[in-house]
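See below for the structure under consideration.
The values are calculated or read from the model by the stated rules, or taken from the named source; none is laboratory data. As the structure is a computational prediction, the values presented were derived from the model and not from experiment. FYI the Cβ positions are ideal-geometry reconstructions off the backbone, even for glycines, and counts take in every protein chain you see.
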Amino acid sequence: MPSQTATLESPPSRPPSRVGRKPQVPPDLSRWAVTPARADYVTIPIAAAITGYSAKAIRRKIEAGVWLEGREFRRAPDGHVLISVKGYELWVERGRA
């Protein structure tokens, strides 16, 4: 039976020439950094991300009357429910469920 030896190619002794190439500099990512502006009212999915409550839990608080319209939330002219960030913060500070 013939011997089965794998032949490995040796790596080049020196790296490829970089003559004429500019050194690679990491891109400046600071110009792409996004800082969200503080909004007075946010949609339910955004409120869920901010507060840690699920969107379903937020809707249940609205349906159960725990959060009141005009205090913790409002309805936009198109009918969307918008959560008041300030209203939420006051609700937390009041400590009533």
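Observations
- Gly70, sole failed condition from (1) touching a helix residue (DSSP H, G or I) at 6+ places or on another chain (Cβ under 7 Å); (2) at pLDDT 95 or above: (1)
- Just one of (1) under 27 Å from the mean Cα position of the chain (by Cα); (2) at pLDDT 65 or above fails for Gly65. It is (1).
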